[in-house]
Ligand code: PMP
């Protein structure tokens, strides 16, 4: 589906018309995939749009930049304000938010350090990433023939643009084979994550998710799931899991800002059945929390019109 346009995109401090938000073909990052980015959502609430866990996303952007030795032009506070301003001026009740910091136009070659750094923030309306049907009844996963990269090849803690080549290869393979999403294994053979989501299994009432050392991004939705689970009295741990653990799980689900919380219906055609009770409780709570309906988590809702 083509992007649904809004009015303005924030580019290095200026609000630029959507159709004018362009870059030069010799932008360094276009050639070498050198950039860091975030994916954030703002939800419609009774008090207007609220960005979910905005500060944590911007802090992760700063950490990604640090790993990549990108000197950020803007502080966390400035970017938090810039995101809120971009949502506000576009006058949309809910949206996906994409801040990206990348090596710009002016230098070429594999040393990114002399390049100018550009920062932009775009927002657009974006429905369910893996489909309404998937959120309701679960999605079908396939273990990818592509491995998640070794942490010493590309650091998984950096949400870096170039690393998504690996995710796109896996995504296309899964879609062409008739599945909804791919699961990537680490070079050691442990389950890592999906192409843009963390993965969880439920076994004997306990939620288990792979560690960062298996190549998974430290998801902010994953952290929300952990907090919600513990508050609901559900045991939650991080640990290595094998592909066979996915086949024999009582329940499984995935999480991500774009995808939200999505039940897994099957893995490599091993049916896991209807979405289970633990998945449903986490999912229902998550959707209430993002809409600002749960007082306990109100610090996670950053109102743009406050
Ligand atoms: N893993 C990868 C590879 C991702 O791209 C994402 C999306 N940012 C996630 C996991 C989930 O992270 P979050 O919950 O912070 O969106």
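What follows is calculated from the coordinates using simple rules that are stated; it is not laboratory data. All figures in this text were calculated on a predicted structure; none of them were measured in a lab. All Cβ positions, even for glycine, are placed from backbone atoms using ideal geometry, and neighbour counts span all protein chains on display.
For this structure, a couple of remarks:
- Sorting 24, 31 by the number of Cβ atoms found within 10 Å of their own Cβ, with the fewest placed first, yields 24, 31.
- Here the spin labels are modelled as points 7 Å beyond Cα on the Cα-Cβ line, and at residue 56 and residue 244 they lie 3.4 nm apart.
- Taken over the alpha carbons of the range 219-295 as equal point scatterers, the Debye sum produces base-10 log I(q)/I(0) values at 0.12, 0.18, 0.20 Å⁻¹ of -0.34, -0.77, -0.93.
- Neighbour counts of C-beta atoms inside 10 Å place 62, 57 in the sequence 62, 57, starting with the fewest.
- Only helices enter the 222 nm calculation for the chain: every DSSP H run of n ≥ 4 contributes -39,500 (n - 2.57), and dividing by all residues gives -8500 deg cm²/dmol, rounded to 500.
- Beta bridges per DSSP with both ends in the chain, % antiparallel, nearest 5: 80 percent
- Rounded to 5, percent antiparallel among DSSP beta bridges of the range 132-290: 65 percent
- Most fluctuating residue given options 156, 116, 263, as computed from a GNM of the chain linking Cα atoms under 10 Å: 116
- Between the range 78-157 and the range 276-306, the alpha-carbon centres lie 22 Å apart.
- In the chain, the longest principal axis of the Cα atoms and the axis of helix 220-231 are about 40 degrees apart.
- 0 to 90° range, to nearest 10: angle between helix 277-290 axis and the chain longest Cα axis: 20 degrees
- Report note on the peptides 212-222, 141-151: ranked by the mean count of other C-beta atoms within 10 Å, highest first, their order is 212-222, 141-151.
- Extension gain from residue 305 to residue 204, taking 0.36 nm per residue of separation minus the Cα-Cα distance: 32.0 nm
- Taking every Cα-Cα distance in the range 132-290 and sorting them into 5 Å bins starting at zero, the pair-distance distribution P(r) comes out as 2, 10, 21, 24, 22, 14, 7, 1 percent.
- Alpha-carbon centroids, the range 167-183 and the range 210-247: separation in whole Å: 22 Å
- Annotation: for a label point projected 7 angstrom from Cα along Cα→Cβ of residue 137, residues of the range 268-296 with backbone N closer than 19 Å are 268-277, 279-280.
- 0 to 90° range, to nearest 10: angle between helix 164-176 axis and the chain longest Cα axis: 50 degrees
- Coarse-grained scattering of the chain at q = 0.10, 0.14 Å⁻¹, given as base-10 log I(q)/I(0) from a Debye sum over alpha-carbon atoms: -0.56, -1.11
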